[in-house]
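Notes for the one structure printed next.
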Amino acid sequence: MRHPERTLKEASLCVDPLNLKMPTTDLIAPSSSSASASFARDPVARNRRHFPPTGVQDGADAEEAYTHKCVASQSGVFHRASVAGTDPVPRSILWRVLESGTVLDLVPVDPVFSSALSSQVEAHRIRIHFPGPIRQSCVVLSDDPSSGEGEDALVVDVLTDSLMLYSFHLSSRSFLQDWERRPSSEWCHVLESAHFNLRPPLYMDKGPVGSGSLIFSLMDGGLMRLDRSHTLADDYTERVFSDGSYLASLRGMFLWGSNDRVRGHPNMSTNMIVSMVCTPTLLITASISGMIKLWSLETLTSLSVYDIANSSSLTTANNSNGGNAATPKQLFATEPATLLSTTTAKDGTVYVISYSPLGEGQFRLWRLDTSSTQTSLIDVLESPIVPIAPDENAIWMIPSFILTTSSKAKLSSKSVESQEPSTLDLWVVWKSNKSSRIHMLFNIPTISGAASKKGLMWRAVAPNSGPSNVSDEIDLPTEDISDRYLRRIFRPGLYSPSVLETVLPVYEKHYSVNLSRAEDLDSTTLTLKQRVVKAVEASVPAQPSQADYGSYARDLKQQWARFDRLCIELSRLGDEALSLSYHGSTNSIVLVKATSIVFVRYCIGLEHVQLAGTRSVIAFSGHEGRRTRTPVQDHDDVELLGSFASFSRLLPGPVLGEFVSALLEHALQPTHYSPGDSAFAIYEACLQDQVSDSALDLLQKRLSDIDKLQSSFDTCYEDLKFMHSPDSVFGRPALNTRYYLSPVGVSLAVASTYQSVSTTYRLVVDALLFLSVYSSGEIQDCGIAYEDLFAKFMALLRSLHFLKTVCECLLDKSDVSGQRLLLADDEDTQLAAGVNQLDLEKSKSSSGNSESLLELLFSRFSLTLGSTVASYLASSSGSLAPIGWGLGQVVSYTEEFFSISSSQSAAIAAAGAAISSGHLQAAKEMLPYFELDGLGCFAKGLVHLRAREDELATEWFCQCVTEMASVTMTDETALAFRDFYPAGSEHFAIYAGRGVSALAVHIAAMLDAAGALASACEFGKLAIEMRDESAGDDDGLHQAVFESAVKGGLFDDAYMAVAAVSNKKLQHMLLAGFITELCESGHSARLCSFPFLELHTQVKSILESKARMSVDLAIGSNGNSGGDHRPNYYKILFSWCIEHGEYQDAAAAMYEYIQRLRSGFTASEGELFSSTDLEANSCYLVLINTLMCIPETKGSPEAWFLAHKVVSRDSADAEGTQVSKRARGSKRRGVDGMTRVLVKASDVQKEYDEEIARMEAILARQVIEEIHD
């Protein structure tokens, strides 16, 4: 970064339970020291337990309920210290006081967790319910000093309005999923101090680090220290600090006869302490009278007193009467406040900064001097530091500030670092009734009279893009009204789900037309986005005619604006800034608001342009600082982009929307125009006659103030160079894999990336607008290479639009169940093995609330992205990183990772991740970013194939197969396509670059698996056609075609595949399968249409075998039975032989069929004949006719044939017929044995006559019986 010391920005994260979903443990604090505590773990048990009343009854106003449940009255972040170089888990804990002060919410806000934890462990929220409200500024979190080696304990001390001190002992397991139930005595202790009844406390704070003590500020101006052997001990010691003589201290304890009471508050002293900080040996306090006091933590006595306003020192002796001699005329507010902050320089020197809120406010920097016999504070700058409010349109106040050691000294080399004096940074939070801002003052000198203080300058942190900062959004003409507002309302980090869930019923109640539609808004069946759309669109009656669409669109837009306004007003309830904290190990600044936390990060890309004009110089004159708003000249690149932004805002919104649509059309689709022609074509289509002369004159005037226009353009481009660099590496291995993202890290990364992309996207559009107008000649020639610049910025626009789409792409409910799929190992492919060695393991983190595609990619699919982001967030390179480095680097790496201006691999990976998780619609939104080269067409085919759009998939595969066959496969490409393939399946990387035939085989296999059998067959034939004849193994290709063709009913292709197989054994197997499929699918008539060259004998043999293997001939004889259809192979064999003129074989098949019919079935009770009797008689007639077709031969005037005759064993023995052992051993149903015999036409006629006579006898007997009856 060119300006890392001043380009900082806020990254906000809403922490309400609906946005930051975590498993929750509810603890119920005892009502007294003798009562017991309890807890509920699972939601069902928790709902059955009795919690203290929350103060909001059922049916209360929705806004009040939201404020009660989600808006904190007190909040802060406790950053835990490392022990022996090991970071505790969790490392940062957010505490919030909710529900009228009766609930303390503890939330781990670590962006990352160590991968050493079990994959089943996740962050856990703890909610402690108290019987009464928590006292203001009386929540203290600290590390337990009594923890043994290997233990990781946290102490939470809470003082309620009833003056009961609760102490909770929580280990790291308390914030993890594997916490088991323990007795209440091990984690909760209640103390009721009688001292508080006499001397009520104002607020409390923790003592020196590692002491485990608490320090209470008392309303009578005193201080009390509570020491205990361990957290849950009953033995504790209360020690009172001594200020002056014993008599003065004793007199201060009584309310009567005292002249230091606050007017209107007789129980408050003007010496009441409202702010305190600790060093290892000293306590530094500030009172409402404006006095700073140093206290010894060893003797608990006052050492010295200082005036916070004029830095004058008052000796302890002069204030032995209680410190009233120098009481100022005006007192500070009586509520606890942040008036002091300390930091320790690298040389061990302690610096203190104090703040006086009187008047316009001022800061004073002190150095703690311990070299002399008496510890004292020395004013470093000898003049105050004057803060400058963000603007003059509101009343601003400073609720919190922090003093830190400058990162400039940390970044210097060792040789220089040892010589340069330490410098300090001051971070200040301003808040008004509308918003809050963070200001910082960098590199404050620590040497009195240093010349560097003349250059001190207040700088602002760019605010988060909240509801009031969306004016830069561009409405495209092709975008629907509802889609436009949905994109705005559901943009990452704008409105939390709690806000939307609260606004939705309010809107339905007051604005919906049909309240009966409430059942359509069931949250169990619809997503939040769908419910919002239904509610808003239901409030506008549909117009029956096209002529009324204008009125309908106007009303719909008004309703969406109304819903958006409700969200804005409700979200502002949580914008109050409450506290500011600094984490030393990661060097990060965290601002805590009522409903969110804000991390400070450095700007990426062109975000620093937002901070133009926000710097204010501090001038020092004598012993008093004065404020000035002297403008500071910005760099030329900032001035250039600022002039472009001003020019674009002079255009009407619809004109700008048409211009952006034209830009995207040229950026996302291949064009044969030169960059200059494209710029001019866009100007003619969208901007001609739309730009006023006054706007052009204003732009020309601002450009004339910039000396080197081309150089400024190049500077802007350099900030985004990585997005267009051909050297950008997609999917590079992670820096380390020791960490994985938490839900907090996922949300922060998504929101920060979207902020950076949105800001830079608009600035790039503004630059392209200028270049398009410049190409028309409307602006005086400035000597810039506009064609080259237009091409560069168009490539950036493509990248930024893709990133914007990934962030804005909301995931509805999963279309199919899916999960992370891994690339299969292939021992023969070094490429696959190399890809598997990358960090491709599934991320252990899952936020459970993936709202956008980018969030899904961060939380569930690493692709080296999640692990690298986690590495950046886990540690900002120790002490060598400037403020906000970690989160800013996350944004930078993410934008580089998903840059597609030189590679489309990121878009392919995003689509694959969406598909493997079941979000097909999200994958389709990535299609416009695939290029029309081989990889792009292949990826489009995969997306359409997974979406069951077989025809489109086939079209794209056909376009890519030739080019993809020669593509050089890389780890990047294999990584991008990884999520398209199921675990264990062959990756296309094995086939790419090995010729058309190999790739066609792979595509055919995918199409076959997807059920696109006709397309699979065509690609299989392409693979055969383009095969390398020297490679051999053609039979495998033919077999693949045969299998696809048979499953798809493509019998012509199946026959050709069978005929082409050279291996006789394989050919016979495929032929048997082909015949079986033809017959059993009802297409047996087509069997005779195939020539079966050289396969005639095999076909007949297969049919004979299938016929003799038939078991239930009754079904086959009738065609179907009970809805079941089975082929009659005897009849099929008969037809086959007749078709080919083999009448004797046909007669043999029919005769065998008749024999099996007659021997295997009998009539059922009540029937004269079985179902097969009539079938057998019909077959006799067919057989007789067939025998008549056999031509006579010399010596044999009678037709004959050889056939298998069914003969029972008994009849065979009686007639002396020899039955073979094989026939005797037959177990076929209805068949005792079969023997091959010579059958003449006369034999057939005789059998037929006997059958007719038998049937006539049966009929005659039936008639006689009926006559007798």
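Which ones in the range 215-244 are part of a strand (DSSP E or B) and either open to solvent by less than 20 Å² (accessible area, probe 1.4 Å) or out of contact with any strand residue (DSSP E or B) (no Cβ under 8 Å at 6 or more places or on another chain) (or both)?
Residues satisfying the conditions are Ile215, Phe216, Ser217, Leu218, Leu223, Met224, Leu226.
Take the residues of the range 349-365 that are open to solvent by less than 50 Å² (accessible area, probe 1.4 Å) and either of a type in the set (Lys, Arg) or part of a loop (DSSP other than H, G, I, E, B) (or both): which is nearest to Ser75 (Cα to Cα)?
The extreme case among them is Gly361.
Could you check, for the range 179-188, whether at least one of its residues is acidic (Asp, Glu), surrounded by fewer than 18 Cβ atoms within 10 Å (Cβ to Cβ) and at pLDDT 85 or above?
no
If Cys138 satisfies every condition in (1) modelled with pLDDT of 85 or more; (2) under 38 Å from the mean Cα position of the chain (by Cα); (3) open to solvent by less than 30 Å² (accessible area, probe 1.4 Å); (4) over 19 Å from Thr285 (Cβ atoms) but one, which is the exception?
With respect to (1) modelled with pLDDT of 85 or more; (2) under 38 Å from the mean Cα position of the chain (by Cα); (3) open to solvent by less than 30 Å² (accessible area, probe 1.4 Å); (4) over 19 Å from Thr285 (Cβ atoms), Cys138 is out only on (4).
With respect to Ala1085, determine if the residue is touching a Leu at 6+ places or on another chain (Cβ under 7 Å) and in a helix (DSSP H, G or I).
no
Just name the residue that is modelled with the lowest pLDDT out of those in the range 1007-1045 that are open to solvent by less than 20 Å² (accessible area, probe 1.4 Å) and among the aliphatic types (A, V, I, L, M).
Of everything passing the filter in the range 1007-1045, Ala1023 is modelled with the lowest pLDDT.
Suppose the filter is aromatic (Phe, Trp, Tyr) and at pLDDT below 85; does Phe957 pass it?
Answer is no for this residue.
Looking at the range 85-104, I want the residues that are more than 15 Å from Ser596 (Cβ to Cβ) and in a loop (DSSP other than H, G, I, E, B) and have a partner that is open to solvent by less than 10 Å² (accessible area, probe 1.4 Å) and among the small types (Gly, Ala, Ser) with Cβ atoms under 8 Å, at least 6 apart or on another chain. Which pairs are those?
Matching pairs, first to second residue: Pro90/Ala123.
With the requirement that a residue be out of contact with any helix residue (DSSP H, G or I) (no Cβ under 6 Å at 6 or more places or on another chain) and at pLDDT below 80, what does the range 881-892 give you?
Passing the criteria: Ala881, Gly884, Trp885.
Just to check your reading of the model, which residue among Trp560, Trp458 is over 23 Å from Val71 (Cα atoms), modelled with pLDDT of 90 or more and open to solvent by less than 20 Å² (accessible area, probe 1.4 Å)?
Trp560
Being surrounded by 14 or more Cβ atoms within 10 Å (Cβ to Cβ), modelled with pLDDT of 90 or more and assigned to a loop (DSSP other than H, G, I, E, B) narrows it down to one residue among Ala337, Ala309, Ala326, Ala286; which is it?
Checking each option against the conditions leaves just Ala337.
Exactly one condition in (1) in contact (Cβ under 8 Å) with a residue 60 or more places away in the chain; (2) open to solvent by less than 20 Å² (accessible area, probe 1.4 Å) is not met by Val943; state its number.
(1)
Answer with yes or no whether Gly466 is open to solvent by 20 Å² or more (accessible area, probe 1.4 Å), at pLDDT below 85 and not in a helix (DSSP H, G or I).
So Gly466 fails the test.
Search the range 1066-1092 for residues that are open to solvent by 70 Å² or more (accessible area, probe 1.4 Å) and pair each with any residue that is of a type outside the set (Gly, Ala, Ser) and part of a loop (DSSP other than H, G, I, E, B) when their beta-carbon atoms are under 8 Å apart and the residues are at least 6 apart or on different chains.
Here the result reads Glu1080/Arg1126; Glu1080/Pro1127, each pair linking the range 1066-1092 to a residue that is of a type outside the set (Gly, Ala, Ser) and part of a loop (DSSP other than H, G, I, E, B).
Among the residues of the range 539-552, count how many are of a type outside the set (D, E, K, R), open to solvent by 20 Å² or more (accessible area, probe 1.4 Å) and either part of a helix (DSSP H, G or I) or touching a residue at least 24 places away in the same chain (Cβ under 8 Å) (or both).
So the count comes out to 7.
Within the range 1249-1256, can one find any residue that is surrounded by 20 or more Cβ atoms within 10 Å (Cβ to Cβ), at pLDDT 70 or above and not in a loop (DSSP other than H, G, I, E, B)?
No: zero hits.
Of the numbered conditions (1) among the charged types (D, E, K, R); (2) in contact (Cβ under 8 Å) with a residue 12 or more places away in the chain; (3) farther than 23 Å from Ser747 by Cβ, Glu896 fails exactly one; give the number of that condition.
That leaves (3) as the condition not met.
Based on what the data block shows, is Met164 modelled with pLDDT of 75 or more, touching a Phe, Trp or Tyr at 6+ places or on another chain (Cβ under 6 Å) and closer than 23 Å to Gly76 by Cβ?
In short, no.
Answer with yes or no whether Phe51 is at pLDDT below 80, open to solvent by less than 60 Å² (accessible area, probe 1.4 Å) and assigned to a loop (DSSP other than H, G, I, E, B).
Here the answer is yes, as Phe51 does meet what is asked.
Within the range 640-665, how many residues turn out to be outside any helix (DSSP H, G or I) and either in contact with a Lys or Arg (Cβ under 9 Å, 6 or more places away or on another chain) or closer than 15 Å to Ser772 by Cα (or both)?
Total meeting the criteria: 1.
Taking the criterion of being more than 25 Å from Ser142 (Cα to Cα), modelled with pLDDT under 90 and either in a loop (DSSP other than H, G, I, E, B) or open to solvent by less than 20 Å² (accessible area, probe 1.4 Å) (or both), would at least one residue in the range 60-78 satisfy it?
yes
Here's a check for you: in the range 392-434, which residue that is crowded, with 19+ Cβ neighbours inside 10 Å and in a loop (DSSP other than H, G, I, E, B) is modelled with the highest pLDDT?
Trp396
The values are calculated or read from the model by the stated rules, or taken from the named source; none is laboratory data. Everything quoted here is computed from the prediction, not taken from an experiment. All Cβ positions, glycine included, derive from the backbone under ideal geometry; neighbour counts span all protein chains shown. Surface areas here come from the heavy atoms of the whole protein model, side chains and all, with no ligands, DNA or RNA. Shrake-Rupley method; radii C 1.70, N 1.55, O 1.52, S 1.80 Å.
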